[in-house]
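Colleague: A single structure is presented below for examination.
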């Protein structure tokens, strides 16, 4: 408390020009996100906080040389695990893209390793310069329709709220539990609301009545909008809409046109799930801002959505603006069209220069063996992978929609041999399998997928939202089985197999979700992996096949998905037969 008092006294004295600031930004064009304006004044910084705007002297000067001084970007919803690296490595990737704060939901690792997994993420994030705020995972498991590695009830989540970096209840994915006011779900919602914490939603495919249910339950955000009309419907009910632009779902261009000066304060940006290679090459929230401007958004309004709006939505009172009393997290931009980031500052200290991370390199936290030994499978043979085909030769088929989490439910003719499904290149039909990997149940869900563009071999992953069982797609059972066995041997990851050989593999030793390696090494491995796809896929595929594969198992997003218990009709909330009608 004494230190806080001294810092406050010092900040007041600097603001009152009774003593010089630690740092002063001069010759900058300050982006005023409150008035959506540009002002040319000095910015005084002391102890990592902004003390004043005007004319100031300081012990150190940052000459902005006419560049725009922009608040640090905030990612309103991200699963760090989807970057395939730890929080400490993730921070080194997104900081050069201007992201200085993120709100994360660690439900990926929570579904594998429960409370231990969440705590690992919190402790590892604390070693980084990035401000990482956590939402306690609400839906572990996401639904009772599949098997995962943990079950987190309300009484297990409550202790996390005592940690300063935990600021709310993460995306509520289990709509039936909300609609039926189940005891545990009601307790989770009340525990968060009593502490005046945020409660995130997950309203994929929701109509007006489902939205009413969510809002009545105190759920105030949604990042699952796919159209402008869906976004307006949510805003109309008082929700904040997080416009998502990730790897598996790119929603921004279909939503940004409905954002206007009257409703813009209800919109912010998120990435949700974005792969490491795309974060490095394309960017994070900076990409959302650029894309918004390209599609007609006013630059400062887009920046306001990426900064102040996100801060206000999540109650981050000292973030999101260049103003007295706010944290000195800011960027120097060359212009307001390309959003080219020249420098990034965290607490007044330069942490990225010319697109390169220059901050401290803190060691990551070593995870427990319970987190690293996470692939527990019974022995599997070729017979376990067979799909019987009836005399009608028709089957329910899941169709991929490129760059979208939704799938189509089709009834198609299929090829067969000796009464068993035969993957078809001509029909673009591959075999899909989900193998339970946490409790050694022996469960194997089988299905047929169209639209993955697989021509030969198999691809497999232990990243399979949200229960993260092992998912594999292939054109023949031998390569499918080889991919499964390989991932068991390396304790999870991604793999490409063809002609009984492993073409490429990336081990994910942390929960089967994240690598223990540094981000640069993982990025190189990803490039090798993606290059190997040319030997098993059509080359005109316009989507990331591994990310797409990982969402074919998510039974909370319409229309048809596959779990370890079999095909699941999301709209009817029940499992179904592969046999077509």
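No lab work stands behind these numbers, since they all come straight from the coordinates. The structure presented is a predicted model; accordingly, all values stated were derived computationally and were not measured. Cβ: placed from backbone, ideal geometry, glycine included. Neighbour counts: every protein chain shown.
Colleague: Can you compute the FRET efficiency between residue 38 and residue 366 using 1/(1 + (r/R0)^6), with r the Cβ-Cβ distance and R0 = 51 Å? Round to the nearest 0.05.
Modeller: Computed FRET efficiency for residue 38 and residue 366 comes out at 0.60.
Colleague: Going by the alpha-carbon gyration tensor, a ≥ b ≥ c the square roots of its eigenvalues, is the range 72-323 rounded (a/c under 1.5) or, if a/c is not under 1.5, prolate (a/b greater than b/c) versus oblate?
Modeller: Values: a/c = 1.61, a/b = 1.17, b/c = 1.38.
It comes out oblate by the Cα gyration axes.
Colleague: Moving on to the next point. Rg over Rh of the range 370-575, using C-alpha atoms and the Kirkwood radius, what does it come to? Don't skip to the answer; put the middle values down first.
Modeller: Details: Rg = 15.8 Å, Rh = 16.8 Å.
Computed over Cα atoms, the ratio is 0.94.
Colleague: Post the alpha-carbon centroid distance, the range 84-141 to the range 291-357, in whole angstrom.
Modeller: 21 Å
Colleague: On to the next question. Using the count of nearby Cβ atoms within 10 Å as a rough guide to exposure, how do 250, 40 rank from fewest to most? Let's see the in-between values first.
Modeller: Working: 250 16, 40 12.
Least to most surrounded, the residues fall as 40, 250.
Colleague: Which order do the peptides 391-398, 411-418 come out in when sorted by mean C-beta neighbours inside 10 angstrom, highest first?
Modeller: 391-398, 411-418
Colleague: Please list 235-247, 202-214 highest first by mean number of surrounding beta-carbon atoms within 10 Å per residue. Please report the intermediate quantities before stating the final value.
Modeller: Numbers: 235-247: 22.2, 202-214: 17.5.
Ranking the peptides 235-247, 202-214 by packing returns 235-247, 202-214.
Colleague: Need one number: nm distance between label points at residue 209 and residue 340, each 7 Å from Cα along Cα→Cβ, rounded to one decimal.
Modeller: Each label point lies 7 Å from its Cα, and together they span 5.4 nm.
Colleague: List 121, 135, 349 from most exposed to least, where exposure is judged by having the fewest other Cβ atoms within 10 Å. Walk me through the numbers before you get to the answer.
Modeller: Values: 121 27, 135 24, 349 16.
Ranked by crowding around the Cβ, least crowded first: 349, 135, 121.
Colleague: Can I ask one more? Gain in length, residue 373 to residue 427, computed as 0.36 nm per residue apart minus the alpha-carbon separation, to one decimal in nm?
Modeller: Numbers: separation 54, 0.36 × 54 = 19.44 nm, distance 3.85 nm.
Using 0.36 nm per residue and subtracting the Cα-Cα distance, I get 15.6 nm.
Colleague: By counting other Cβ atoms within 10 Å of each Cβ, how are 102, 258 ranked from fewest to most?
Modeller: On the way: 102 27, 258 17.
Going from least to most buried by this count: 258, 102.
Colleague: Report, largest value first, the span of the C-alpha coordinates of the range 460-581 along each principal axis, in whole Å.
Modeller: 45, 29, 29
Colleague: To the nearest whole percent, what portion of all C-alpha pairs in the range 519-571 is separated by more than 17 angstrom?
Modeller: Details: 721 of 1378 pairs.
More than 17 Å apart: 52 percent of the Cα pairs in the range 519-571.
Colleague: Measure nothing fancy, just the Cα-based angle from helix 477-489's long axis to the longest principal axis of the chain, in degrees from 0 to 90, nearest 10.
Modeller: 50 degrees
Colleague: Once each part is reduced to its C-alpha centroid, what is the distance from the range 443-508 to the range 182-203 in angstrom?
Modeller: Taking the Cα centre of each part, the range 443-508 and the range 182-203 sit 36 Å apart.
Colleague: Please give, to one decimal in nm, the separation of the simple spin-label points placed at residue 262 and residue 415, each 7 Å out from Cα toward the Cβ.
Modeller: It works out to 5.7 nm between the two label points.
Colleague: For helix 2-15, what angle does its Cα long axis make with the longest principal axis of the chain, in degrees from 0 to 90 and rounded to 10?
Modeller: Between helix and principal axis, roughly 60 degrees.
Colleague: As I understand it, the value is the acute angle between the Cα axis of helix 285-294 and the longest principal axis of the Cα atoms of the chain; what does it come to in degrees, rounded to 10?
Modeller: With rounding to tens, the tilt is 90 degrees.
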